[in-house]
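Have a look at the structure below before the remarks.
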Amino acid sequence: MHIIDRYAYSNAIRELDPAQKGGLALIAMLFCLALDHPAVGLLTLVWMFALATLWAQVPARAFGRALLAEAPFLLLSLVGVALSVSLAPLVSPALQLGPFWIGSSAESLALATRLFTRALGCAAALNFLILTTPLLDLIELLRRLRVPETLIDLMSLTYRAIFVLLESLQRMATAQDARLGYAGPWRALRSAGLLGSQLFLDAYRRSQRLQMALESRGLAGPLRVLPLDYRRDRRARWFGAALAASLLLAGAWR
Amino acid sequence: MNKRRKRWLLVAVGAMVLLVFEARPAHAMHIMEGFLPPFWAAFWFVVTLPFWVIGLRRINRLIVEKPETRLLLGLAGAFTFVLSALKIPSVTGSSSHPTGTGLGTILFGPMVMSVLGTIVLLFQALLLAHGGLTTLGANAFSMAVVGPLVAWGIWKGLQDRAPIWLAVFLAAALANLATYVVTSAQLALAYPDATGGFVASFVKFGTIFAVTQIPLSISEGILTVLIFNALQRNAETELQTLGVLKGA
């Protein structure tokens, strides 16, 4: 998690208007989903990788690791799509396991390939967005898109509190670990339970202290923060146009 | 020809088994970005929308009545997110992450949870690259709507009828399990089996993910009982104050 957040703040296009980066990712995702073609998915992956590493200067390893986060889900569910299980003998090449027949067919393999490339392309687009845009900028983008104010408030509060709570979680876990709190599974569960309850108390008391501090400074209504000054880059528009055109071409090519 | 294909199938099945038993901590099951076709992605957004509206309305009302709810819920969202980063030992020996939906529902109520759970899911997509934006509707329906409703039903239904620890355990474990069953159904609806249709596909996805998800739900149940017991000992006043957030 810290990796993604770190590059979101330190990449070369961090100051770019989040609408431009979000627009690029959105184009990639929509074309990937709508055209649903292996070549489009792979081309999106290449595009997003290139934009993230060459334009935003995010290291290739960070991009790869973010993409790998979904590998278990992707591989397992692809197995589910590619294989059929049935009680009746299957015509296509199949394997008999007790009363079950496990088999596959050309269509389901083709579907699995399409899904694999589509999911990879879309995930790459998402990763490009989150590796180049800090979460506060994305929340600002949502605010511009007229997402209800309460939701924006809750999201920015949550984001700010996550790192504070995570730090206190890690400190408590280290203290427990130093006292052999995680020796053996049962003791580890007990420690995790204590940790969870203390974390809740910490969160609760923090919210009360924050409330008191803000009230004494006259808080009434939502927490307003000034938006940052963003840079707009003309290249983003060219990238968007080239991306859309190349994806359309790849989709037309059969 | 046929023999070679069979060998490939064996390799595929073997790889799947290896992957399932791999020691990496198991996360709750979220459908990844781009995995649902456009129709189903939109469908689940439409289905979940009313729950978001109801939840947000309730939160707005709470904030008007008690202004401190705003900060409390912000911290509660962060708490649920951080809790899902907690590594707990799983019954099978490897470790896993809880979803926190069961505990969140018991503490904050199901309607508030539909909004908080969605924020947590969004943050998991944006900070951990886990889950996705186009699949947010589907994931929110399974984890932020069905999970909390199941937890709430069990928690309320068993109150005064069963020992508290049992109610907490069942609420948390079954909320987790319901989330996984709904996700399997969502996958099966989008990708029905070529021969057996929806039912065969549902069984297929259910079995594939059962190996990680069933132990996960049991350890989440145990963990939630432990957290709840500790809270009853150490945080009685806080728990009483939270009672006002709930309501059917």
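The values are calculated or read from the model by the stated rules, or taken from the named source; none is laboratory data. No experiment lies behind these values; they were computed from the predicted model shown. All Cβ positions, glycine included, derive from the backbone under ideal geometry; neighbour counts span all protein chains shown. Accessible surface areas use protein heavy atoms only, side chains included; no ligands, DNA or RNA. Shrake-Rupley method; radii C 1.70, N 1.55, O 1.52, S 1.80 Å.
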Subject >> Test: A:Gly251 is in contact (Cβ under 8 Å) with a residue 40 or more places away in the chain and surrounded by 15 or more Cβ atoms within 10 Å (Cβ to Cβ) >> reply: yes
**OP:** State which residue pairs qualify: first residue within 17 Å of A:Asp17 (Cα to Cα) and inside the stretch A:218-232, second residue at pLDDT 80 or above and open to solvent by 60 Å² or more (accessible area, probe 1.4 Å) in any location, beta carbons under 6 Å apart, and separation of 6 or more residues or different chains.
**Re:** A:Arg231/A:Glu15
**OP:** Of the numbered conditions (1) open to solvent by 10 Å² or more (accessible area, probe 1.4 Å); (2) at positive phi, B:Gly34 fails exactly one; give the number of that condition.
**Re:** (1)
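Which of the residues spanning the stretch A:162-174 are open to solvent by less than 40 Å² (accessible area, probe 1.4 Å) and among the hydrophobic types (A, V, I, L, M, F, W, C)?
Our first condition is that a residue be open to solvent by less than 40 Å² (accessible area, probe 1.4 Å); within the stretch A:162-174, this holds for A:162, A:165-166, A:168-169, A:173.
Those that are open to solvent by less than 40 Å² (accessible area, probe 1.4 Å) and among the hydrophobic types (A, V, I, L, M, F, W, C): A:Ile162, A:Leu165, A:Leu166, A:Leu169, A:Ala173.
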Original post:
Which residue pairs have Cβ atoms closer than 8 Å, lie 6 or more positions apart in sequence or on different chains, and pair a first residue in the stretch A:151-170 that is more than 7 Å from chain B (Cβ to nearest Cβ) and over 17 Å from A:Arg6 (Cβ atoms) with a second residue that is aliphatic (A, V, I, L, M) and open to solvent by 20 Å² or more (accessible area, probe 1.4 Å)?
Top reply: A:Ile152/A:Leu142; A:Ser156/A:Leu136; A:Ser156/A:Leu223; A:Ser156/A:Val225
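With respect to B:Ala190, is the statement that it is in contact with a helix residue (DSSP H, G or I) (Cβ under 8 Å, 6 or more places away or on another chain), more than 9 Å from chain A (Cβ to nearest Cβ) and under 30 Å from B:Ile54 (Cβ atoms) true? Don't jump to the end; show me each part of the working.
On the way: in contact with a helix residue (DSSP H, G or I) (Cβ under 8 Å, 6 or more places away or on another chain): yes; more than 9 Å from chain A (Cβ to nearest Cβ): yes; under 30 Å from B:Ile54 (Cβ atoms): yes.
So B:Ala190 passes the test.
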Subject >> Answer from B:Thr134, B:Thr69 - the residue that is over 17 Å from the mean Cα position of the chain (by Cα), within 7 Å of chain A (Cβ to nearest Cβ) and among the hydroxyl-bearing types (Ser, Thr, Tyr) >> reply: B:Thr134
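Name the residue, out of B:Leu133, B:Leu170, that is closer than 25 Å to B:Val225 by Cα and in contact with a helix residue (DSSP H, G or I) (Cβ under 8 Å, 6 or more places away or on another chain). I'd like the intermediate steps shown before the answer.
Numbers: B:Leu133 fails: closer than 25 Å to B:Val225 by Cα.
Selected residue: B:Leu170, the only one of B:Leu133, B:Leu170 that is closer than 25 Å to B:Val225 by Cα and in contact with a helix residue (DSSP H, G or I) (Cβ under 8 Å, 6 or more places away or on another chain).
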**OP:** Could you tell me which of the residues A:Leu111, A:Leu131 is more than 20 Å from the chain's Cα centre (by Cα), closer than 25 Å to A:Val46 by Cβ and among the aliphatic types (A, V, I, L, M)?
**Re:** A:Leu111
Original post:
So which of A:Ala60, A:Ala28, A:Ala50, A:Ala71 is surrounded by fewer than 16 Cβ atoms within 10 Å (Cβ to Cβ) and touching a Ser or Thr at 6+ places or on another chain (Cβ under 7 Å)?
Top reply: A:Ala60
**OP:** For residues that are open to solvent by 70 Å² or more (accessible area, probe 1.4 Å) and closer than 30 Å to A:Asp36 by Cα, tally how many sit in the stretch A:200-248.
**Re:** 5
Subject >> Any pair with Cβ under 8 angstrom, 6 or more apart, that starts in the stretch B:167-189 at a residue that is open to solvent by 30 Å² or more (accessible area, probe 1.4 Å) and ends at one that is in a helix (DSSP H, G or I) and of a type in the set (Val, Ile, Thr) >> reply: B:Phe169/B:Ile222; B:Phe169/B:Thr224; B:Phe169/B:Val225; B:Leu170/B:Ile154; B:Leu174/B:Val150; B:Leu174/B:Ile154; B:Leu177/B:Ile214
